[in-house]
Structure formats: C-alpha cells, structure tokens
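All remarks here apply to the structure that follows.
Readers should treat all values here as calculations from the given coordinates under stated rules, not as data from a laboratory. What you see is a predicted model; the values in this text were computed from it and never measured. Ideal geometry is used to build each Cβ from the backbone, glycine not excepted, and the neighbour counts take in all protein chains shown.
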Ligand code: GRF
C-alpha cells in the first residue's frame, strides 16, 4: 500500500500523537507516522515517540528563533513528508509556510468549530450552558482554527461537568476521530471519484464544456452538443493499468515518448488510446501538480475546440 508519510508536530503531552502513531501501524491504514517534531525539547510527547521507534526532531524554538520555520521545513522535506498533523502544537504557523503546505497540514481542536476557536474551549462551552461539546479535525490555513472542516465528533456535556472532566471525555473522542479522519484524508488523492471531481472543476473553466463518455470512461468534450469533441478522458485503471490517468491530446508520438521517457512517474502511454494521440497523466499520486493538469486540459481543449471558440486566443498568441 502507498501510505502517506506523516509528520506530527507537538509541544506537550502527545496523547493525540500516540493515537495517530498506533492507528498508522495497521497494515491497511493509508498513512504512517515517520517523524515527530517538537518545538520544546522537553515535551513528554517526544519521549513516547522515541520509545516507539519514530524519528524525533527537537527544534528548540527559543534557540532557533526566526530560523525555526526554515529548520522545520528542511526536516519535513528531508523526510519526504506528505502530510503534517498538529497535535497539541502551540505555535501559530506563519502564512508563507502554510501557503507552501496548503492542503497538507491538519489540526485537531477541542470544540465543535466554528464555535470556540482559540483556548479554554471547555470552560467557555460550560459557561454558555451548551448541551454538547466535541472535537474537530480541520485543514490549517493562515487564520487560526478556521480551515475546511474534515470531521467532527459530538460529546455530551453532563450536569456538574468541569472543564477538566469534560476535557477528559472529549480527549477520548479526539483519539478516535483524529486517526479516522487523517486516514480518510490520506487516501483522498488516490480515490478515482475525488480525482474526477478535481478534473471536472478544472475542465468546466473552459467554454462550452460538457460530459461525454468514451468506451465507458468519463470524459469531457467541447463544442455544441451535436459536434462535441472529446478533449479529456479519465481512464480508471484501464485494462489493468495502475494509473487513474487523465488522457489529453499531445502534439504527436514524438512529444509523448519524450515526456514519458523524461518523467515516467507523471506520464504514460495509455493502452489503445496512445495510438490515437492520447497522452496519459497519472493522477493517483500524492504530488500531483494541479496547475500542470489545468495547463494540459487547456492545451487539449484548444486542440479540440471549434475555431469560433479559439480564434481570439490564437490572435492573441500570434503577437
Ligand atoms: C488536545 O485537546 C487537542 O485538541 C488540542 O491540544 C490538546 C493536545 O493534547 N489541540 P495532547 O498533547 O494530544 O494530549
């Protein structure tokens, strides 16, 4: 199984970290923890991670100061990390760092977001007389506790609950929620349904695009309904291939062979389709460059679109 390589960032106790590590050990779990990085060298979490045989990095923020984020980035890249999970990590990640890791950092927060971002969530929920609290796993964006919600669990507030007793039960719920949501999120880039949604959103940015199947595979065509011409096809492990591949029109066999030879992780020669000029882009990868996919879709769209749609762009290009 192609497991996502996960790094966990911690500052303290690390009970969520432990839950993520143990769940990741199951052979069918789509992620595995390869690195635990702490900004406080004495954090108890780091002792646990070490005992569990996980690579541990102690990056002392109070010593590294501004160099901390570059050091963290270097270690994540050196360990070829796909996803970063925050587990009681007490630093606000700078916007430029978040930008470079967009969609690849997740966090767990002890409330039902968007209610109660920030600290002291349990006390606030009790003071407000709420009937329930809970936990949320969300994507990290530059604004604290406000990225896309990936999963939530509710926890009842009991009469007589204190912040401490409520925290204890919410923590049990966190330990179940976090590994489950991270596993779902880690398998998303390999899921043909999700890939099709991404391609569909990109393909529909161009004019007169509609759906059309090609020998049972989903495809996208341009032009009026009667004469619509295919410019992209999604071949989901077609004829035993490993790829969930996007087939687009290249300029010909020379360009195709050149690309496939230079970047065999990205490009392939699709069975049957290759002979008619369709180039395959492997999309069931964790490092797909969606800008590049968009560019290929545009190129392929232009090759298939009727001249009335491309004329203006052709004129602009000739200058
Ligand atoms: C958890 O309550 C988590 O929701 C919050 O910080 C706490 C960390 O606890 N972000 P632990 O270090 O995972 O035990």
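What does the helix-only formula give at 222 nm for the chain: each DSSP H stretch with n ≥ 4 adding -39500 (n - 2.57), the total divided by the residues, and the result rounded to the nearest 500 deg cm²/dmol?
Working: 11 runs with 120 residues, N = 319.
Value at 222 nm, helices only, nearest 500: -11500 deg cm²/dmol.
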*If one takes the longest principal axis of the Cα atoms in the chain, at what angle in degrees, from 0 to 90 and to the nearest 10, does the Cα axis of helix 68-78 lie?*
50 degrees
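Answer rounded, prolate or oblate for the chain, using the Cα gyration tensor with square roots of eigenvalues a ≥ b ≥ c: rounded when a/c is under 1.5, else prolate when a/b is larger than b/c, else oblate.
Taking the square roots of the gyration eigenvalues as a ≥ b ≥ c, the chain is prolate.
If you stretched the chain out fully between residue 191 and residue 13, how much longer would it get, using 0.36 nm times the residue separation minus the C-alpha to C-alpha distance? Present the calculation step by step, with values, prior to reporting the outcome.
Details: separation 178, 0.36 × 178 = 64.08 nm, distance 3.41 nm.
Stretched fully, the residue 191-residue 13 segment lengthens by 60.7 nm.
Given contacts defined as C-alpha pairs under 8 Å and at least six residues apart, what's the relative contact order of region 192-318, whole-number percent? Show your work: numbers first, answer last.
Working: 182 pairs, mean separation 28.6, N = 127.
Computed over region 192-318, the figure is 22 percent.
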*Over the chain, what is the percentage of antiparallel beta bridges among all DSSP beta bridges, to the nearest 5?*
65 percent
*According to the square roots a ≥ b ≥ c of the eigenvalues of the Cα gyration tensor, what is the shape class of region 192-318, taking rounded for a/c under 1.5, prolate for a/b larger than b/c otherwise, and oblate for the remainder?*
prolate
_R0 of 22 Å, Cβ-Cβ distance residue 120-residue 180: FRET efficiency to nearest 0.05_ = 0.25
*What residues from region 190-207 fall in the zone where the backbone N is under 18 Å from a label point 7 Å along the Cα-to-C-beta line of residue 311?*
207
*Is the shape of region 259-312 best called rounded, prolate or oblate, per the rule: a/c under 1.5 gives rounded, else a/b larger than b/c gives prolate, else oblate, with a ≥ b ≥ c the square roots of the Cα gyration tensor eigenvalues?*
oblate
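With contacts defined as alpha carbon pairs under 8 Å and 6 or more residues apart, what's the relative contact order of the chain in percent? Present the calculation step by step, with values, prior to reporting the outcome.
Numbers: 551 pairs, mean separation 37.9, N = 319.
Across the chain, relative contact order equals 12 percent.
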_Virtual spin-label span in nm between residue 96 and residue 149, 7 Å along Cα→Cβ_ = 3.4 nm
*In whole percent, what relative contact order does region 28-175 give with Cα contacts below 8 Å and a gap of six or more residues?*
16 percent
